[in-house]
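Step one of this worksheet: look at the structure below.
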Amino acid sequence: MGLIVQKFGGSSVANAERVFNVASRVIDTYDAGNDVVVVVSAQGDTTDDLIEKAKEINDRASKREMDVLLSAGEQISMSLLAMAIEKLGRPVVSLTGWQAGMNTDINYSRARIKRVVGERIQLELDKRKIVIVAGFQGINKYDDITTLGRGGSDTSAVAIAAALGADLCQIYTDVRGVYTADPRIVPEATMLSEITYDEMLELASAGANVLHNRSVELAKKFNVNMEVLSSFEKVPGTIVKEENTVEKMLIRGIARDNDVARISLVNVKDAPGKAFQIFSILAKKKVNVDVILQSIGRDGNKDISFTVATNDLEVALNTLNANNSIIGAETIVHDDNVSKVSIVGAGMTADPGVAATMFEALYDADINIQMISTSEIRISVLIDRKDAEKAVKAIHKKFELHD
Ligand code: ADP
Ligand code: ASP
Ligand code: MG
């Protein structure tokens with residue numbers, strides 16, 4: 001018996017039948033004597049639908065108003081789940097992000113949680129109530145509603161688990177756990193019984209959206225026991241933790257990220273300080289730069305290419321063009337038909353052959369690599385988007401990761 005935080009994703013609460021399915025799973029945990037905090041996402045495609053609705057009115061709506069709109073999705077599911085639990089005769093209360101004390105910074109649409117003031121949640125738990133909290137949303141210092149970025153409900157759950165010192169944070173979703181690749185792309189992918197925080201963080205940051213990357217970051221920082229598991233099947237999921245006890249695999253998983261665009265500054269002066277100039281201009285606009293490639297100088301010039309999230313592409317291009325009198329690029333070009341494919345594994349550090357094997361798989365599949373970047377436990381390539389799924393399949397096969 002203890003305190004358990006359970007998070008249910010959008011597909012898990014998509015309709016009335018599924019809401020009751022979630023209610024009964026929550027009640028099982030509650031009836032076993034545990035205190036339960038439930039974090040819910042918006043039902044099914046609600047968030048996407050709300051974004052479409054906004055576009056019908058104003059496709060340049062402010063982020064503040066977008067957050068007000070999008071947070072409504074979670075408010076619907078939290079109340080519906082509470083009603084289902086009421087109907088099944090257990091004491092329950094639903095709370096918005098604000099009521100639950102989810103304090104964030106001021107960055108609308110991708111706010112970070114600064115502090116969870118858990119008193120209200122604790123007060124309700126002390127009354128032996130099941131507490132339901134709206135995921136994905138918080139409140140900033142101006143008392144405005146903020147959202148945490150797409151997929152952010154995972155992070156709400158981990159933050160609450162950390163703040164209340166929960167014994168376990170379960171992330172219920174529409175697959176059985178974390179696999180060696182997205183099972184929708186590679187049906188024969190293997191489910192992992194365990195994965196380390198570091199590996200999961202790299203996978204999530206590389207596009208494996210089964211977990212919001214920030215949730216893994218928080219889980220690692222506060223040592224939260226985390227499990228990813230199915231809402232629909234009662235089978236053990238994947239445990240995310242500090243150390244692996246199972247056999248070390250060279251490659252833990254493959255991820256694909258379509259949320260990238262490439263920008264190239266062609267023929268900028270090959271002089272000290274250029275990169276600093278360009279990236280500080282972008283940093284001021286809060287544009288995050290990922291894979292960076294700089295060519296060798298020739299005739300006193302060089303090319304600098306890098307990737308940004310598709311959402312940041314417009315701001316990045318506008319900023320660069322507006323500052324090109326300082327930067328001095330001959331042309332600024334972009335390509336948003338690219339994808340990043342990454343392999344992740346703590347075992348790869350010690351093996352120089354891993355990169356070669358990955359590139360061979362791509363060569364065999366006749367896929368051209370545009371850019372490469374590496375970290376200690378990750379290798380990423382930028383390729384044409386049309387080749388991305390083929391690349392994931394080919395690499396998965398080459399490393400023999402199938403079940
Ligand atoms: P939820 O609505 O429950 O938050 P998400 O759609 O955010 O669900 O995340 C679950 C999805 O993540 C799965 O349906 C799967 O397609 C995708 N996914 C991507 N990479 C992986 C992976 N390595 N393992 C498991 N699922 C993955
Ligand atoms: N509903 C939000 C989204 O679709 C948050 C979440 O599902 O985690 O991004
Ligand atoms: Mg999700």
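Descriptive notes on the structure:
- Condition check for residue 368 on (1) within 20 Å of the chain's Cα centre (by Cα); (2) assigned to a loop (DSSP other than H, G, I, E, B): one failure, at (1).
- Assessment of the stretch 118-141 against the conditions (within 16 Å of ligand 3 (Cβ to nearest atom) and closer than 21 Å to residue 238 by Cα) yields no matching residue.
- Residue within the stretch 366-387 that is of a type in the set (Asp, Glu), closer than 22 Å to residue 205 by Cβ, touching a Leu at 6+ places or on another chain (Cβ under 7 Å) and at pLDDT below 95 present: no
- Within the stretch 139-159, being in contact with a helix residue (DSSP H, G or I) (Cβ under 8 Å, 6 or more places away or on another chain) and within 21 Å of residue 106 (Cβ to Cβ) holds for 144, 145, 146, 147, 148, 149, 150, 152, 153, 155, 159.
Per-residue answers, yes or no, for (1) assigned to a helix (DSSP H, G or I); (2) within 20 Å of the chain's Cα centre (by Cα):
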position: 123; (1), (2): yes, no
position: 128; (1), (2): no, no
position: 133; (1), (2): no, yes
position: 159; (1), (2): yes, yes
position: 163; (1), (2): yes, no
position: 184; (1), (2): no, yes
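Conditions tested, residue by residue: (1) open to solvent by 70 Å² or more (accessible area, probe 1.4 Å); (2) within 16 Å of ligand 2 (Cβ to nearest atom); (3) within 24 Å of residue 65 (Cα to Cα).
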{"position": "98", "(1), (2), (3)": "yes, no, yes"}
{"position": "118", "(1), (2), (3)": "no, no, no"}
{"position": "136", "(1), (2), (3)": "no, yes, yes"}
{"position": "142", "(1), (2), (3)": "yes, no, yes"}
{"position": "148", "(1), (2), (3)": "no, yes, yes"}
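- Taking the listed residues 155, 180, the one that is within 16 Å of ligand 2 (Cβ to nearest atom) and either of a type in the set (Phe, Trp, Tyr) or within 20 Å of the chain's Cα centre (by Cα) (or both) is 155, with no other qualifying.
- Among the residues of the stretch 261-297, those identified as of a type in the set (A, V, I, L, M) and more than 17 Å from residue 325 (Cα to Cα) are 261, 263, 283, 287, 289, 291, 292, 293, 296.
- Residue within the stretch 21-41 that is among the hydroxyl-bearing types (Ser, Thr, Tyr), touching a residue at least 24 places away in the same chain (Cβ under 8 Å), within 12 Å of ligand 2 (Cβ to nearest atom) and surrounded by 23 or more Cβ atoms within 10 Å (Cβ to Cβ) present: yes
- Residue satisfying all of: in the stretch 200-235; assigned to a loop (DSSP other than H, G, I, E, B) and touching a strand residue (DSSP E or B) at 6+ places or on another chain (Cβ under 7 Å); farthest from ligand 3 (Cβ to nearest atom) among these: 225
- Matching residues, the stretch 232-248, being farther than 15 Å from residue 183 by Cβ and under 23 Å from the mean Cα position of the chain (by Cα): 236, 239, 240, 241, 242, 243, 244
- The one condition in (1) more than 16 Å from ligand 2 (Cβ to nearest atom); (2) closer than 23 Å to residue 182 by Cα that residue 258 fails to fulfil: (1)
- For the stretch 246-361, no strands (runs of 3 or more DSSP E) sit wholly inside it while including 3 or more residues that are surrounded by 15 or more Cβ atoms within 10 Å (Cβ to Cβ), of a type in the set (Lys, Arg) and in contact with a His (Cβ under 9 Å, 6 or more places away or on another chain).
- Verdict on residue 285 being out of contact with any strand residue (DSSP E or B) (no Cβ under 6 Å at 6 or more places or on another chain) and of a type in the set (Lys, Arg): yes
- Residues satisfying the stated conditions in the stretch 211-223, i.e. crowded, with 24+ Cβ neighbours inside 10 Å and either modelled with pLDDT under 95 or within 13 Å of ligand 2 (Cβ to nearest atom) (or both): 211, 212, 215
- Selected residue [more than 24 Å from residue 1 (Cβ to Cβ), open to solvent by 70 Å² or more (accessible area, probe 1.4 Å) and within 14 Å of ligand 2 (Cβ to nearest atom)] from 57, 51, 76, 113: 76
- Taking each residue of the stretch 63-90 that is under 24 Å from residue 127 (Cα atoms) and small (Gly, Ala, Ser) and looking for partners that are assigned to a loop (DSSP other than H, G, I, E, B) and within 16 Å of ligand 3 (Cβ to nearest atom) with beta-carbon atoms closer than 8 Å, six or more apart or interchain, yields 77/41; 77/42; 77/43.
- Meets criteria (crowded, with 16+ Cβ neighbours inside 10 Å, of a type in the set (A, V, I, L, M, F, W, C) and either at pLDDT 95 or above or closer than 25 Å to residue 112 by Cα (or both)) for residue 235: no
The values are calculated or read from the model by the stated rules, or taken from the named source; none is laboratory data. From a predicted model like this one, the values you see are computed outputs, not experimental measurements. Heads up, the Cβs are rebuilt from the backbone with ideal geometry, glycines too, and the neighbour counts pull from every protein chain shown. Remember, those area values only see protein heavy atoms, side chains included, never the ligands or the DNA or RNA. Shrake-Rupley method; radii C 1.70, N 1.55, O 1.52, S 1.80 Å.
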